[in-house]
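Here is the structure we will look at, set down as structure tokens.
Derivation of every value follows stated rules applied to the coordinates shown; laboratory data play no part. Because the structure is a prediction, the values reported are computed rather than measured. Quick reminder, even Gly has a Cβ in these numbers, built from the backbone with ideal geometry, and neighbours come from all protein chains shown.
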């Protein structure tokens, strides 16, 4: 990654130039190219789960699309770093849309940035395919005719993890919540499920964001004697709290840790010894089918041995579907029209299989509950998850009527 | 059994102990800053970055040279201290004749460079460093990991040794004299610039030592120093800038105050130190242990 | 040449430079992306406000982001939630920044030097905490999608091009008021305090009152800059209240030249342009900024404009001496 960055100043542009069929050459584009902007965290907490891996996934989708369909024009992938700050992200988005003729922005982890990009995309009538961010508001109160929320959302994670753990007997909960809107939302959604399923929330503690030392909060969680400690935080905060929980013998003491926003890359950073037993929800895992394993293999060869996260896989799937829709439409000029077409067409790609997109912009697919393996159970690199339950697509996401999206009549 | 504001006494004991442990980090870091400020009049904004370097060098020693934690505990302060010596010789020494605001700005710039370079090289999702003394002891009111116990004991020892060296030994007396009247001390045949350079090296070494101690507890992360430095500044200001004893006592004390805040108003725990700092600056600007200048 | 005449000449030169600058900025948006220009203008105003305090008052505030960022939140909130018009929203943000400046100033000016910097830092951290916690700021999401309502109900500013000229006007007004302040008798006293505070006291000046007024003025214009920026980007976020933002404005002023009229503008332009070219490389921005800090402190402490002015002065002094020996 480093090497590549040094080689290419400014945003990297990789052109996948394919010869088009004669009939479609006159298709109407904003500028004769489809320009895909991958915007995510290139250097911070979320760089491993999105970062250059997502750029690779987007390029891979373009390549596979061109192999299968014969592209009819130039397709370019550019990327930028939003540093997890809404002001930087929206600055880049405006520049991309206004000056650099980017047609679609993909990925964008960090909910605050995603909400900002969503609004700008709508204003400029472009397309926003979110894979990295969790905010379920994107398909709720903030839903837009220019957005598709692809991979997961906080509702799906909270519900998946919350309901499965209560079913397994985790009746009493204590929350360790990052004190910001996103943490509060995670906590609220999970607590609702837990209570609905007959569980009980014994207490919660809100820690400053970001925090380094969680010992005090963990001790409070330990003192509550709750069966499950829900970690309503993200990134480095989650990693540090899991690490310190292991130091204080919380899992050994019989309490279960539930990560409400954990990615496979976090498990990798923690190591199985520390992370074992952690339960959370994933929308995609590499070791579930031959196609996924093949993709993971190729991905890891190009990304310093890292395996793809669900966010990166989601970028692949989203870009693929976008290209299909533009192809069918013969134009990328009108963002809302492209999204409409995407919603109309059933989705089908090698990683996520068959699926649909709802009127509110929510992409629908199965999700699974996973538990991190013990070190002795792991057979190879990145063999981290045991899939303990699959939540069918129909139950995995928030019911259409509950989101409060204005597009749903 | 009585409860204090709804918190059972056992829990409170546990929180006090944890606060003391966090205080150990504040004490070590603010001690280094106080040594540098007290003896050199330089506000070392690079301190947080040097703490981060300490953790990183420990990680590198393990990763590339197979040197375990205990070796790192000795080697890291020396290595990072040496970089401090270079920085002092090449850069900081050029600013002694100027207002100390320039020292602050220079070291602020250095902190940005160091943090940026580490982020560029290692990303900022953090690197794991395993705990050298796993396990712990149930104290009845809480489970105390052995490692945390070690941190508190060791840093207390380091603080006391440093304080003793500066306040009670001949070397310390020279140092203090060199700050007051460098010309006079120079006239007695003591190489003052070299002494000042070494002082900076020692201060930086203390920061690096805190970094090594932190590595097994927190993930080794390029941003670990950036947020801490501001808090540690506050600790030094509250203790009295340049007061060695002040920085130690305040470091541990504020750790405890912060620990209690985490129980009663956890959201405010990151800010309570600044509130105290503002109050102290208003009421007793020289700090709790400082002498008015 | 008497010094009064020299000063008047200097001012004429400065007004000419300002006029040229304005003329260039009038046509600039036809060539350069207007949002980028507006960002530069907002930061330039912020740095000018900061410079009033450090360059002319000798007070290093390490918490100026609190005025910039808090005003941004206030104007964002009043425009979005209360439906205030754009100009009233900006005014509200500016007024609140002035009020905050008064409170902070009353506390901070009682301390000097490094302690002054530390008090401002401590108070700024508290403001940051408040912004993180208070429900109206939207936490880390910030306040988004702030509408750009027509100015005075008449002038449409939804297009970047049209709003650009409003921002330019705000900048020009802010700059001229700051400029006027610097060259007024008030500014002269301020400089006297910076040079030698005990002497100013013994001359009978109410030093604290001068410092306080300077502080409030500086906070007000920092607030104006923040409030304007929030309307430009239609977003108010935590970034603008962090201590790193306070550090950034110090950097801008230092690079351009503390205590020079145009230094902060040059500094702001350089830093913003640098950040803009290096987006995509978050960590290199840090390294570059750090290097600029270090180089400025070591090599040209007067800053870019400061060095130019000093060089020009040396030259004119040399010419003056030659003329004197010949005459």
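What average number of partner chain Cβ atoms lie no more than 10 Å from the Cβ of the residues making up C:99-108?
Values: counts 0, 0, 0, 0, 0, 0, 0, 0, 3, 3.
Average neighbour count from other chains, rounded to a whole number: 1.
For the options C:89, C:139, C:256, a Gaussian network treatment of chain C with springs between C-alpha atoms closer than 10 Å singles out C:139 as fluctuating the most.
Taking every alpha-carbon pair under 8 Å whose residues sit at least 6 apart, the range C:1-158 reaches a relative contact order of 23 percent.
With a simple spin-label model that places each label point 7 Å from the Cα along the Cα-to-Cβ direction, the separation between residue A:340 and residue C:27 comes to 4.4 nm.
Where only DSSP H runs of four or more residues are counted, chain B gives -24000 deg cm²/dmol as its mean residue ellipticity at 222 nm, each run worth -39500 (n - 2.57).
Need one value for A:203-211: mean number of C-beta atoms belonging to other chains within 10 Å of its residues' C-beta atoms. Don't jump to the answer; show the numbers that get you there.
On the way: counts 0, 1, 4, 4, 5, 11, 5, 3, 5.
The per-residue average across the peptide is 4.
Between the helical axis of B:69-90 and the longest alpha-carbon principal axis of chain B there is an angle of about 40 degrees. What residues of the range A:99-135 lie in the reach of a label at residue C:159, counting those whose backbone N is under 14 Å from a point 7 Å from the Cα along Cα→Cβ? Answer for this model: none. By definition, a body whose alpha carbon gyration tensor gives a ≥ b ≥ c is oblate when a/c is 1.5 or more and a/b is not larger than b/c, and the protein assembly as shown fits this oblate description.
Mean separation of Cα pairs under 8 Å and 6 or more residues apart, divided by the residue count, gives chain C a relative contact order of 31 percent.
When shorter helices are ignored and each DSSP H run of at least 4 residues is given -39500 (n - 2.57), the per-residue value for chain C at 222 nm works out to -26000 deg cm²/dmol.
Is the C-alpha gyration tensor of the range B:195-256 telling us rounded, prolate or oblate? Criteria: a/c under 1.5 is rounded; beyond that, a/b larger than b/c is prolate, otherwise oblate. Spell out each step's value before the answer.
Details: a/c = 1.91, a/b = 1.16, b/c = 1.64.
Judged from the Cα gyration tensor, the range B:195-256 comes out oblate (a/c at least 1.5, b/c at or above a/b).
Per the Debye formula with a single identical scatterer at each Cα and no solvent contribution, what log10 I(q)/I(0) holds for the range C:3-326 at q = 0.14 Å⁻¹? Log-scaled intensity ratios, in q order: -1.12.
What does the structure give for A:216-224 when I average, per residue, the other chain Cβ atoms found within 10 Å of the residue Cβ? Spell out each step's value before the answer.
On the way: counts 15, 5, 2, 11, 7, 0, 4, 8, 1.
If you average over the peptide's residues, the count of other-chain Cβ atoms is 6.
Projected label points at residue B:78 and residue A:350, each 7 Å from Cα along the beta carbon direction, are separated by 5.4 nanometres. Helix C:3-27 against the longest principal axis of chain C: what's the angle in degrees, Cα atoms only, rounded to the nearest 10? The answer is roughly 30 degrees. Given the options A:230, A:32, A:199, state which has the largest fluctuation in a GNM of chain A using a 10 Å cut-off (strictly under) for Cα springs. In this elastic network of chain A, the residue with the biggest mean-square fluctuation among A:230, A:32, A:199 is A:32. Springs between Cα atoms under 10 Å define the GNM used for chain A, and in it the highest mean-square fluctuation of A:226, A:158, A:294 occurs at A:294. By the helix-only formula, in which each DSSP H run with n ≥ 4 contributes -39500 (n - 2.57) and the sum is divided by residues, chain A has a 222 nm mean residue ellipticity of -12000 deg cm²/dmol.
Residue separation times 0.36 nm, minus the C-alpha to C-alpha distance between residue C:188 and residue C:9: what's the value? Each step should come with its number before you reach the end.
Values: separation 179, 0.36 × 179 = 64.44 nm, distance 1.70 nm.
62.7 nm is the gain from fully extending residue C:188 to residue C:9.
Extending 7 Å from Cα along the Cβ direction at residue C:152 and again at residue B:154 yields two label points whose distance is 6.9 nm.
How far, in degrees from 0 to 90, does helix A:335-344 lean away from the longest principal axis of the Cα atoms of chain A, to the nearest 10? Approximately 70 degrees, to the nearest ten.
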